Structures are given as C-alpha cells and as structure tokens.
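See structure below.
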Amino acid sequence: MDQGTSRSKPVLTSHNLQTAAEEGCAHRIVFLLDIPNSATPNGAALRILNYARRLRLRGHRIYFLVPGWSYDPEVLQELVDRGDIDGFSRVSEYKTSGFVNAISRIFVMPGIRNRMLRAQQRQALREILDEVRRRDCDLIVLQQHMYFFAVDELKKHVAVVIDWCDSLALTWWRSIKLMVRLGKLKNLGNAVRHLITYAANESYYPGKVHANLVVSPIDKRTIDHLSRAPESVHLIPNGISLSVAPPRCDRVPDRLIFTGWMNFPPNYEAALWFLDHVFPLILKVRPGAEFVIAGADPVPALTARINQSVQVTGAVPDLSLEIARSQIYVAPLVSGSGFKNKVIEAMAAGTYVVGTSYAAEFLTPELQECITVADGPSNLARAILNALADPEALRPAVEKAQAILRRHYSWEARTADLESIFHTAVARRGVTQGVED
C-alpha cells in the first residue's frame, strides 16, 4: 500500500456475493473422489460423472483426483478420451496405524484428531495442494471423507466445496434402529462408533467450507441440525437421463422387482426384510407371485434365498428393461438415506412404485402422489396386492410421474443449479479473503 493512503476492508454481504457470483466465469475444478473400477459406477460416482461432462460443455475445466485404492489409469483415461474430463491424477492414501492412530481414535472431534495425525497426513496434503497449483484451479470439490482434513489448508488457495451426498450420520442412526428392532446386536458397537464419527464430521466441517452439497431434504435437515450452518448447505437432487420413450415390452403378471447394488447395506437389508416379513404375506394371496432382485454383487445372504418364487439376477444388461417387464417396483427400504436413484429409474421405466416412507422421503410432494407409501409388513403387503389387482388403473399416476421427471429432473437443469452454487462459492472465498486481508 502506498504511504499516505488507506483502504477500508470490504464487508461480507449477500449483495457482494450475488454481484461476484453474477460475474462468475469458467472455473478450473478438481473433484477428489473414488471412481470404482467397475463397468457400472456407484450412485455417487455416477452423479459426478453426469455433472462433470455437462460442466465441461459449459466451458469449465474438470480434473479428477483419485485415491490410490480406486485408481485405474485405463478407466480414467477413457473418461478423458470421451471428453468427460480434462485430466486426472492420483493422491496417496495416508496410513493411520500404530500407537498414534489408536490414541487418536479416542478423540472423535476432527480438529483434535487431525492435529494428532498431521505427520501421517502431510504427504497426501502436499499432493493435493500440488495438484491444485498445477491445474491452476479456483475450486475443489471433496467427496472422499478421508481427505476432509485438508480443508483448512485448501481454503487458503481455492474455494472448497464438500459433496456429502447423503448424511452418513443419519444412515448409521437408522441402521442402529434396525439392528435393535430385529434383535441383531452383533455389530452394534461398531455401528455406534461409525455414528459418532460421522456425526462429529457433519458437525465440524460444513461451517468451515464455502459450500456443502446434499441430495435430499432429509439429509439437508440432518446436516443443518448438526452443523448449525444451514445457509451453507445446498440441496441438489440427482437428475436422470430419460429416453425418448420407456422400454416397450410385455409385463409379466405378478412380477415384483427391486434393484440396486446388492452389496450396499440399505439395499440388501431391504431385500432380506421384504423376503422375511412381506413376501410370504403376498404369496398366501398370490402363490404365483415372483420377486426379482436385480443388481450387481448380491451378498451371499441374498443368493441363498433363490427359489421358484425368488430370482437374484446379479448385474443385468438392461436394468430399465427388467423394470419395465415387472408389474410393480417394490422399494422396501428400512434403512439408509439420500436420493433413491432406483425409485426415479422405476418411474422413468413406466413401472408403478410401492415403497416405504424411507423410499419416498426424498421425493417432492407432487411425485409422492404418484406412488403408494406403506410401512410395516402387513400394510406394505396389502398395498402391493392392491396394486397387483388392477395394474392398468395405475397408468395415469405413472404417466404423471414421467411428465414431472421430464420437466424437473434433467441433468442439464441440475447442472445449472450446481454451477450457480460453484460461482457463489468462488465469490464467497474472494469476498471472505478480502475481509480477512
């Protein structure tokens, strides 16, 4: 500053942020996330892949930074060759074994734990910062929890966004309730430890970054409550890629279907609960009913249940076709949280959905009117039997749902919302830096 001059610090206001965001230009963005080495990405990775290619089409530069355990250069290079991303790199895992880690686990608050593990985290932090500088980035999106420790240092260089997707604290809380209800207490201690860890993370980190992303209203309410920073937590539901017309095929009478990754606890817990408590009630009335469980990597507890009335298919070539061949899509979720892609996919395929409250809680009221919600074994069985009694009467509800999806659930619309949040996050950092300077 020249001698004899003075400069007042800018004030952080919503007007400043809005003005700066409106001046937002193309960004250079690093996503730190897992990319599973699979032909079928999981829900979180699929979400980012859809956003990445569309953000790139809007003029942004997109780079993936991937932990060592999920790093596959061939998979990532294919994304570059397709034009989905601009480049990729690998970040080291940090090891927390030994005495220091054992002691640090006593302290669930991330701030204390991070200070204790600073030496173990140093190499990974250096690599993340080097990648941000090398790509000349102005924004980093953290999806992998292991690296949240880097937030404080990253904020000095770029805008930081945490993509929580779901509230894992809520997920573990519901898992604990299910364990207690079913009397399966073997893993209760481990579940409680996870609950405390994720609740601490969701309390500590949201207020430290420039923006947070969640995929459903219940996840936002949970993280809002834990963090006490609701203004920084943004709801961005997933989108869907709708075909011009749903698959055309004959429906198999009395065929029920449930889909998803079947090594994911909320999915296989739902399927097992349905097999144990609901499907027997349906078979008493409709002995020819068939329950199809379709999805990659089914756990042994599911494959052991295969019989003349129960199919466990594993991965299928065309999931939409399998759904379209079924009379009813059953979503018997009894745990978990977040955005249920499977429910939206069923609507898009033209199959009526009957599910529990957990399966419907992420939907807008308008979409909830297009499905049947029932909790408890007898209520859910009754709702499914009623739907099977006259499937054609459900056509108007299915068509209404599809119209809503076309209007409001395109990935293009979601990407525009996400881009606006990114602009504001970068602007917030700029104004905040001005205040701090």
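The values are calculated or read from the model by the stated rules, or taken from the named source; none is laboratory data. The structure presented is a predicted model; accordingly, all values stated were derived computationally and were not measured. Backbone-built Cβ (ideal geometry, glycine too); neighbour counts: all protein chains shown.
Could you please find all residues in the range 296-323 being of a type in the set (G, A, S) and under 23 Å from P253 (Cβ atoms)?
Those that are of a type in the set (G, A, S) and under 23 Å from P253 (Cβ atoms): S309, S320.
Restricting to the range 230-253, what's the tally of residues that are under 22 Å from R414 (Cα atoms) and either modelled with pLDDT of 90 or more or more than 16 Å from the chain's Cα centre (by Cα) (or both)?
Residues flagged as under 22 Å from R414 (Cα atoms) and either modelled with pLDDT of 90 or more or more than 16 Å from the chain's Cα centre (by Cα) (or both) within the range 230-253 amount to 16.
Does R61 fit the bill of being in contact (Cβ under 8 Å) with a residue 60 or more places away in the chain and over 18 Å from the mean Cα position of the chain (by Cα)?
It is true that R61 is in contact (Cβ under 8 Å) with a residue 60 or more places away in the chain and over 18 Å from the mean Cα position of the chain (by Cα).
For the range 260-286, how many residues are touching a residue at least 12 places away in the same chain (Cβ under 8 Å) and either over 32 Å from the mean Cα position of the chain (by Cα) or within 14 Å of S378 (Cβ to Cβ) (or both)?
Adding up the residues that qualify gives 10.
Residue by residue, here is whether (1) within 29 Å of Y198 (Cα to Cα); (2) of a type in the set (D, E, K, R); (3) modelled with pLDDT of 95 or more; (4) surrounded by fewer than 21 Cβ atoms within 10 Å (Cβ to Cβ) holds:
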| position | (1), (2), (3), (4) |
| --- | --- |
| V334 | yes, no, yes, no |
| S357 | yes, no, yes, yes |
| T364 | yes, no, no, yes |
| Q368 | no, no, yes, yes |
| A381 | no, no, yes, no |
| I384 | no, no, yes, no |
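Yes/no per residue for (1) buried (at least 22 other Cβ atoms within 10 Å of the Cβ); (2) without any contact (Cβ under 8 Å) to a residue 12 or more places away in the chain; (3) more than 27 Å from P247 (Cα to Cα):
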site: T351; (1), (2), (3): yes, no, no
site: D390; (1), (2), (3): no, yes, no
site: Q402; (1), (2), (3): no, no, no
site: I421; (1), (2), (3): no, no, yes
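Being of a type in the set (S, T, N, Q), within 26 Å of R429 (Cβ to Cβ), outside the structural domain of Y268 (by TED's automatic domain parsing) and assigned to a helix (DSSP H, G or I), is that true of even one residue in the range 202-210?
yes
Which one is surrounded by the fewest Cβ atoms within 10 Å (Cβ to Cβ) among residues in the range 120-167 that are part of a loop (DSSP other than H, G, I, E, B) and of a type in the set (D, E)?
D136
Which of the residues that make up the range 46-71 are small (G, A, S) and either part of a strand (DSSP E or B) or surrounded by fewer than 20 Cβ atoms within 10 Å (Cβ to Cβ) (or both)?
Passing the criteria: G59, G68, S70.
Kindly indicate whether I218 is under 18 Å from S337 (Cβ atoms), surrounded by fewer than 19 Cβ atoms within 10 Å (Cβ to Cβ) and touching a residue at least 24 places away in the same chain (Cβ under 8 Å).
When the stated conditions are applied, I218 passes them.
If a residue has to be within 26 Å of E290 (Cα to Cα) and not in a helix (DSSP H, G or I) to count, how many in the range 382-413 make the cut?
Total satisfying the criteria: 1.
In this structure, is V316 assigned to a loop (DSSP other than H, G, I, E, B), surrounded by 15 or more Cβ atoms within 10 Å (Cβ to Cβ) and assigned by TED's automatic domain parsing to the domain that holds V398?
Yes, satisfied.
Which residue, of G207, G239, is touching a helix residue (DSSP H, G or I) at 6+ places or on another chain (Cβ under 6 Å) and under 22 Å from M146 (Cβ atoms)?
Result of the check over G207, G239: G207.
For residues that are touching a residue at least 12 places away in the same chain (Cβ under 8 Å) and over 19 Å from K342 (Cβ atoms), tally how many sit in the range 288-304.
3
Mind listing whichever residues of the range 222-233 are touching a strand residue (DSSP E or B) at 6+ places or on another chain (Cβ under 9 Å) and either surrounded by fewer than 19 Cβ atoms within 10 Å (Cβ to Cβ) or of a type in the set (G, A, S) (or both)?
Once the filter is applied, which keeps residues that are touching a strand residue (DSSP E or B) at 6+ places or on another chain (Cβ under 9 Å) and either surrounded by fewer than 19 Cβ atoms within 10 Å (Cβ to Cβ) or of a type in the set (G, A, S) (or both), the range 222-233 yields S227, A229, S232.
Quick one: T222 ticks every box in (1) modelled with pLDDT of 95 or more; (2) more than 19 Å from the chain's Cα centre (by Cα); (3) among the polar types (S, T, N, Q) bar one, so which box is it?
Result: T222 passes all but (2).
Return the only residue of I293, I240, I257, I282 being surrounded by 17 or more Cβ atoms within 10 Å (Cβ to Cβ) and part of a loop (DSSP other than H, G, I, E, B).
I240
Determine, yes or no, whether S420 is hydroxyl-bearing (S, T, Y), over 19 Å from L275 (Cβ atoms), assigned to a helix (DSSP H, G or I) and within 22 Å of the chain's Cα centre (by Cα).
yes
K186 versus (1) within 26 Å of S92 (Cα to Cα); (2) part of a loop (DSSP other than H, G, I, E, B): which is the lone unmet condition?
Single failed check for K186: (1).
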